[in-house]
1. Only one of VAL105, VAL46, VAL88, VAL41 is over 30 Å from GLY151 (Cβ atoms), surrounded by 13 or more Cβ atoms within 10 Å (Cβ to Cβ), of a type outside the set (Phe, Trp, Tyr) and without any contact (Cβ under 8 Å) to a residue 60 or more places away in the chain; which?
2. Which residue pairs have Cβ atoms under 6 Å apart, sit 6 or more places apart or on different chains, and have a first residue in segment 123-139 that is closer than 16 Å to GLY62 by Cβ and a second that is not in a strand (DSSP E or B)?
3. Considering only segment 76-106, state which residues are among the polar types (S, T, N, Q) and assigned to a loop (DSSP other than H, G, I, E, B).
4. Which pairs turn up if I take residues in segment 63-75 that are in a strand (DSSP E or B) and look for partners that are acidic (Asp, Glu) with beta carbon separation below 9 Å, at least 6 apart in sequence or on another chain?
5. Name, by its number, the condition in (1) under 30 Å from ALA124 (Cα atoms); (2) assigned to a helix (DSSP H, G or I) that does not hold for ALA12.
6. Give the residue, chosen from ALA57, ALA23, ALA32, that is part of a helix (DSSP H, G or I), surrounded by 10 or more Cβ atoms within 10 Å (Cβ to Cβ) and touching a residue at least 12 places away in the same chain (Cβ under 8 Å).
Amino acid sequence: MIRELKGWHVAAMFCFGFSIIIAVNLTLAFNAVATFPGLVVGNSYVASQQFETKRNAQEALGWEAVAAYERGAFEVRLTDAQALPAAVTTMDVTVGRTTHVAADVTPELVFDGGAWRAPLDLGAGHWQVRLSAVAADGTLFEQRIPLFVKG
């Protein structure tokens, strides 16, 4: 038995189909906004005015930063151009996910003569280390280091 397709049937299918599309779009948009970590800088134009100066000063230091994690032990090695531990006056490190700030942690690092270490419990997956250190001459060294923790 075949039923007759009437105008209100087509209108109902149209409304139902588009309501699914709208619901999915709203869900994705809400989740995107809810997990957005925020702005990196308040005013990108103003930040761009000093970018090259800061970058050149940072590159002149010749420092290299490497982060590692294994079985509850987090480590950051910051070396100078001669591969010696860099002369750092202050250092701040934040470890977090790249997509949200809910899992961000700021470990209490202890320098052991070669690296800065801290006990840390990180779950498997991709993490980002945001490092900010100040050299003895006052030069700011900032770097974001990707870190992958095996599951």
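1. Testing whether each residue is over 30 Å from GLY151 (Cβ atoms), surrounded by 13 or more Cβ atoms within 10 Å (Cβ to Cβ), of a type outside the set (Phe, Trp, Tyr) and without any contact (Cβ under 8 Å) to a residue 60 or more places away in the chain leaves just VAL88.
2. Sorted first by the residue in segment 123-139, then by its partner, the pairs are ALA135/LEU61; ALA136/ALA87; THR139/ALA57; THR139/LEU61.
3. Residues satisfying the conditions are GLN82, THR98, THR99, THR106.
4. GLU64/ASP80; VAL66/GLU75; ALA67/GLU75; ALA68/GLU75; TYR69/GLU75
5. (1)
6. ALA57
So that you can scan it fast, the table gives a plain yes or no per residue for (1) modelled with pLDDT under 90; (2) in contact with a strand residue (DSSP E or B) (Cβ under 6 Å, 6 or more places away or on another chain); (3) farther than 30 Å from ARG97 by Cα:
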| site | (1), (2), (3) |
| --- | --- |
| LYS6 | no, no, yes |
| HIS9 | no, no, yes |
| ALA12 | no, no, yes |
| PHE18 | no, no, yes |
| ILE21 | no, no, no |
| LEU28 | no, no, no |
| VAL41 | yes, no, no |
| SER44 | yes, no, no |
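The values are calculated or read from the model by the stated rules, or taken from the named source; none is laboratory data. What you see is a predicted model, and the numbers here were worked out from it, not measured in a lab. As a convention, Cβ positions derive from the backbone with ideal geometry for all residues, glycine included, and neighbour counts pool all protein chains shown.
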